[in-house]
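Note sheet for the following structure.
The values are calculated or read from the model by the stated rules, or taken from the named source; none is laboratory data. Owing to the predicted nature of the structure, the values given are computational and were not obtained by experimental measurement. Neighbour counts are summed over all protein chains in view; Cβ atoms, including those assigned to glycine, are modelled from backbone coordinates with ideal geometry.
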Amino acid sequence: MNPPADLFSGALAELGFGGAAGLVVGYASKKLTKLVAIALGVLFITIQILAHQGLITVNWTAVQSTAEGVWTDPAGQTLAQRLWEIVTANLPFGGGFVTGFALGFKLG
């Protein structure tokens with residue numbers, strides 16, 4: 001018995017594909033976030049050890065002003081908002097994607 005042809009097209013197919021895509025992206029995002037957090041933590045500890053030993057001097061004011069420019073653009077839009085716009089641009093299956101992303105992020 002063959003499934004109806006319209007089952008694999010239209011809104012139901014878009015929700016299914018959107019959910020699957022969101023699940024994969026959410027899972028990968030969580031794993032990548034963990035790796036970035038570990039790398040940044042190791043980098044910070046290394047810098048602190050080197051500064052404590054007197055091998056380097058860190059201008060934390062310059063670091064902070066540089067970081068502020070990365071997280072928020074001049075228009076006030078945050079990095080997370082810009083990334084979310086890129087990920088969800090031109091997605092007709094946004095509802096399924098958001099649901100799948102949340103589930104994938106939770107599972108990751």
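Results, tabulated for the structure shown:
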read-out	value
Cβ-Cβ under 6 Å pairs, at least 6 apart or on other chains, region 31-60 side hydroxyl-bearing (S, T, Y), far side assigned to a helix (DSSP H, G or I) and exposed (fewer than 10 other Cβ atoms within 10 Å of the Cβ)	none
Test for I38: is it closer than 30 Å to G108 by Cα and at pLDDT 95 or above	yes
Test: T72 is surrounded by 10 or more Cβ atoms within 10 Å (Cβ to Cβ) and at pLDDT below 90	yes
